[in-house]
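The values are calculated or read from the model by the stated rules, or taken from the named source; none is laboratory data. Everything numeric in this text was worked out from a predicted model, so none of it was measured. Note that each Cβ is placed from the backbone with ideal geometry, even for glycine, and that neighbours are counted across all protein chains shown.
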Amino acid sequence: MEQWLEQLPALAMAYGMRILIALLIVVVGRWVSKLVASMVRKMMERRNVEATAVGFVGALVSTIIMAFTFIAALAQLGVQTASLVALLGAAGLAVGLALQGSLSNFAAGVLLVVFRPCRAGDYVEAAGAAGVVEEISIFSTTLITPDNKKVIAPNAAVINGVIVNYSAKDTRRVDLVIGVAYDADLRQTREVLSQVVEASEYVLKDPAYRVEVSELADSSVNFVVRPWVKSEDYWDAYFQLMANIKRALDDAGIGIPFPQMDLHVQQLPERPPVL
């Protein structure tokens, strides 16, 4: 007992210093984790990343740094961390295999956040659906369809497919195909269509619109009408132009053909009665 008491100051000095250093490592590691997580959050906020993704990535970065901090503190106390690291690695591998689909969605969410092929408020076609992007979360992307349905698509399906972003540019071209009868005067038809386009308040002056003959179809001469509008005015311009073109062609006496079928009934000779 006396011998143990005599060694107590030396033991306290040796292990006390290790404990202090371990505590110092934990304190510094916690400060560093908060600092790095804050820097990551600010960087993502400057890039207009969604708040959900900002919070998740910040927490993930802080957790990773704190995990390494605790391992370093345990090593300072003399704990053999090699087996602990191996155990954590095996556990991480097992969890990764079990959550393979979720991890692929998470990785896809990170790519969507970093490269930003679309953002909240954009109208897109992705993962077999079309709608306005409501939210890009860590594992899924939420779309609101034009008829107000909510579509939740896995991020992996979004990033691995074709993404058509209709809101990426400020302007869009309205492509209309207008068929008129073969006996219609082409110059008059082109003039009527051009007047309708020029009268629309949605059509932009630059780039210039085009009205051209595109096809001599089976029952009609097809014109293409291609004005440019602001992206947010696309459907208003589309519906207005279609209605005004129909009225203008009717007023000008220009016919719009439609499919017709002529049925000829032939009188067959009567057959003699069968005895």
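Here the condition is being buried (at least 17 other Cβ atoms within 10 Å of the Cβ) and either under 16 Å from residue 169 (Cβ atoms) or more than 35 Å from the chain's Cα centre (by Cα) (or both); of 196, 211, 225, 203, it holds for 196 alone. Checked against (1) outside any helix (DSSP H, G or I); (2) within 24 Å of residue 166 (Cβ to Cβ), residue 239 passes all but condition (1).
The single condition among (1) in contact with a Lys or Arg (Cβ under 8 Å, 6 or more places away or on another chain); (2) touching a residue at least 24 places away in the same chain (Cβ under 8 Å); (3) not small (Gly, Ala, Ser) that residue 210 does not satisfy is (2). State whether the residues of segment 149-161 include one that is more than 24 Å from residue 234 (Cβ to Cβ), modelled with pLDDT of 95 or more and buried (at least 18 other Cβ atoms within 10 Å of the Cβ). No, every residue in segment 149-161 fails to be more than 24 Å from residue 234 (Cβ to Cβ), modelled with pLDDT of 95 or more and buried (at least 18 other Cβ atoms within 10 Å of the Cβ).
Checked against the criterion of being over 30 Å from residue 108 (Cβ atoms), within 36 Å of the chain's Cα centre (by Cα) and in contact (Cβ under 8 Å) with a residue 40 or more places away in the chain, segment 229-236 has at least one qualifying residue.
Taking segment 149-196 as the range and being in a helix (DSSP H, G or I) and within 30 Å of residue 107 (Cβ to Cβ) as the test, the residues that pass are 155, 156, 157, 158, 159.
Within segment 254-275, restricting attention to residues that are among the aliphatic types (A, V, I, L, M) and at pLDDT 70 or above, the residue that is surrounded by the most Cβ atoms within 10 Å (Cβ to Cβ) is 254. Which of the residues spanning segment 153-201 are β-branched (Val, Ile, Thr) and under 30 Å from residue 254 (Cα atoms)? Scanning segment 153-201 gives 174, 177, 178, 180, 189, 192, 196, 197.
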